[in-house]
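Report on the structure given below.
The values are calculated or read from the model by the stated rules, or taken from the named source; none is laboratory data. If you're wondering where the values come from, they're calculated on a predicted model, not measured in any experiment. Quick reminder, even Gly has a Cβ in these numbers, built from the backbone with ideal geometry, and neighbours come from all protein chains shown.
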Amino acid sequence: MNFAERLLAWHATHGRHDLPWQVHDPYRVWLSEIMLQQTQVTTVIPYYARFLARFPDVAALASAPLDDVLALWSGLGYYSRARNLHAAAVMVMERFGGAFPADPALLAELPGIGRSTAAAIAAFSFSVRSPILDGNVKRVLARWAGIDGFTGEKAIESRLWQLAQTLLPANAEDMPAYTQAQMDLGATVCTPRKPACLACPVAEDCVARLTGRQHELPTPKPRKPLPQRHTVMLLIRDAEHRLLLERRAPTGIWGGLWCLPEVDSTLTAETTALAQLGLTLQTEPALPDFVHVFTHFRLTVTPLPARAVGIGPLRDTDRLRWFTRAEALSAGIPTPLRRLLA
DNA sequence: AATGCGGGGTA
DNA sequence: TACCCAGCATT
């Protein structure tokens, strides 16, 4: 049996068959694929259920306010995914009349859908013969073919795409199961740490296993030490103990989410707030620092409580808004703020 | 080609 | 702590 045939046979008995998005509905497949970008299955499942209940089809999503989408995405991270999801839903309605195209090249024109996600949607929904190349597949193929070098590097990645294309099953109707089989093999057998080679359907001709290099491949990403950053976040309360939140710019960290106003220093907080927010503050002693780690830097946050005195009506209510604690918790806010409020 | 972009699970 | 996860967009 060739590579694809062995994966298909393995998947029939050992694959995952009960995931909630394993349906031939491009909307649900698309939604799950976006949520699963750089995010593990167990994390996605509850978000997927809530999202689908609120937005049962692409028309419902396209006509919803972005704030509602971000609120349901809150805590899942990579918020550009939520903004792109909403924009793509609008495009599917306007350009394709609400029906997702089957062609991966067309799917990849939608925001948030790259080559791998487009192939996954096309394979699961329409049985199109197009290869995926996610973290699982990169690891499986790098080991099986004995490919050295960081898989994020251009030359390595292009070899892997080429290989993935040649290994596709002959029959298009096998594409949904084959695509799922690759993901399942990477997630449950060919795992990053302790690969279960004894349970692997392609172990007999796996170069990494035959040469004892399962634990060396794929070549890990070269790491640099995380830069340190510091910020002061203002916990501004009004007379009714409501909290002032500021909508962040649409791009960058926590884009579009509601967050605490930030200043550079506790010493200049009052003057900075007056200049930037138009509020006169009485600051209180800072709360203990906490650390939030991102992929690319480490952020130390000093929470600084303050009372707003002599407030006039806030003029820019699209950017600045007073929230009760309950309102803040149900809005689109980043995880550190959710933790701080809890 | 390199960087920005979250958050959680895991050993 | 460090690595990894159903990657994509931007520069």
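Looking at A:Leu274, A:Leu281, can you tell me which residue is at pLDDT below 90 and more than 9 Å from DNA strand B (Cβ to nearest atom)?
Working: A:Leu281 fails: at pLDDT below 90.
After ruling out the rest, the residue left standing is A:Leu274.
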**Item:** In region A:216-233, residue surrounded by the most Cβ atoms within 10 Å (Cβ to Cβ) [restricted to those that are touching a residue at least 12 places away in the same chain (Cβ under 8 Å) and under 25 Å from A:Trp144 (Cα atoms)]
**Value:** A:Leu217
**Prompt:** Is at least one residue of region A:107-127 within 25 Å of A:Gly212 (Cα to Cα) and surrounded by fewer than 18 Cβ atoms within 10 Å (Cβ to Cβ)?
**Reply:** no
**Item:** Residues satisfying the stated conditions in region A:42-84, i.e. surrounded by fewer than 15 Cβ atoms within 10 Å (Cβ to Cβ), in a loop (DSSP other than H, G, I, E, B) and within 16 Å of DNA strand C (Cβ to nearest atom)
**Value:** A:Gly75
**Item:** Scope region A:236-263; condition assigned to a loop (DSSP other than H, G, I, E, B) and more than 13 Å from A:Arg319 (Cβ to Cβ); matching residues
**Value:** A:Asp238, A:Ala239, A:Glu240, A:His241, A:Arg242, A:Thr251, A:Gly252, A:Ile253, A:Trp254, A:Gly255, A:Leu260
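Check whether at least one residue in region A:90-113 is within 13 Å of DNA strand B (Cβ to nearest atom) and not basic (Lys, Arg), and report yes or no.
yes
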**Request:** Being touching a helix residue (DSSP H, G or I) at 6+ places or on another chain (Cβ under 9 Å) and either of a type in the set (Asp, Glu) or not in a loop (DSSP other than H, G, I, E, B) (or both) is the filter here, so list the residues in region A:211-235 that pass it.
**Result:** A:Glu216, A:Thr219, A:Val232, A:Met233, A:Leu234, A:Leu235
**Complete:** In region A:276-299, residues that are in contact with a strand residue (DSSP E or B) (Cβ under 6 Å, 6 or more places away or on another chain) and free of Cβ contacts under 8 Å to residues at least 60 places away in the same chain total 12
**Prompt:** If you go through region A:246-283 one residue at a time, how many are more than 24 Å from the chain's Cα centre (by Cα) and not small (Gly, Ala, Ser)?
**Reply:** 18
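So which residues in region A:150-206 are in a loop (DSSP other than H, G, I, E, B), of a type in the set (Val, Ile, Thr) and modelled with pLDDT of 95 or more?
A:Val189, A:Thr191, A:Val202
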**Prompt:** Out of the residues in region A:132-149 that are in a helix (DSSP H, G or I) and of a type in the set (Val, Ile, Thr), which is farthest from the chain's Cα centre (by Cα)?
**Reply:** A:Val140
**Message:** Could you check region A:96-122 and list, in sequence order, the residues that are assigned to a helix (DSSP H, G or I) and within 21 Å of the chain's Cα centre (by Cα)?
**Reply:** A:Pro104, A:Leu107, A:Arg115, A:Ser116, A:Thr117, A:Ala118, A:Ala119, A:Ala120, A:Ile121, A:Ala122
**Prompt:** Could you count how many residues in region A:143-160 are within 13 Å of DNA strand C (Cβ to nearest atom) and buried (at least 18 other Cβ atoms within 10 Å of the Cβ)?
**Reply:** 3
**Item:** Selection from region A:1-28 of residues that are of a type in the set (Val, Ile, Thr) and within 26 Å of the chain's Cα centre (by Cα)
**Value:** A:Val23
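Just wondering, is there one or more residues in region A:194-213 that are of a type in the set (D, E, K, R), touching a residue at least 60 places away in the same chain (Cβ under 8 Å), within 16 Å of DNA strand B (Cβ to nearest atom) and surrounded by 13 or more Cβ atoms within 10 Å (Cβ to Cβ)? Quick ask: steps written out before the conclusion?
So the first thing to find is which residues in region A:194-213 are of a type in the set (D, E, K, R), and the list is A:194, A:204-205, A:209, A:213.
Next, only the ones that are touching a residue at least 60 places away in the same chain (Cβ under 8 Å) stay: A:205, A:209, A:213.
Those still in the list that are within 16 Å of DNA strand B (Cβ to nearest atom) too: none.
No, every residue in region A:194-213 fails to be of a type in the set (D, E, K, R), touching a residue at least 60 places away in the same chain (Cβ under 8 Å), within 16 Å of DNA strand B (Cβ to nearest atom) and surrounded by 13 or more Cβ atoms within 10 Å (Cβ to Cβ).
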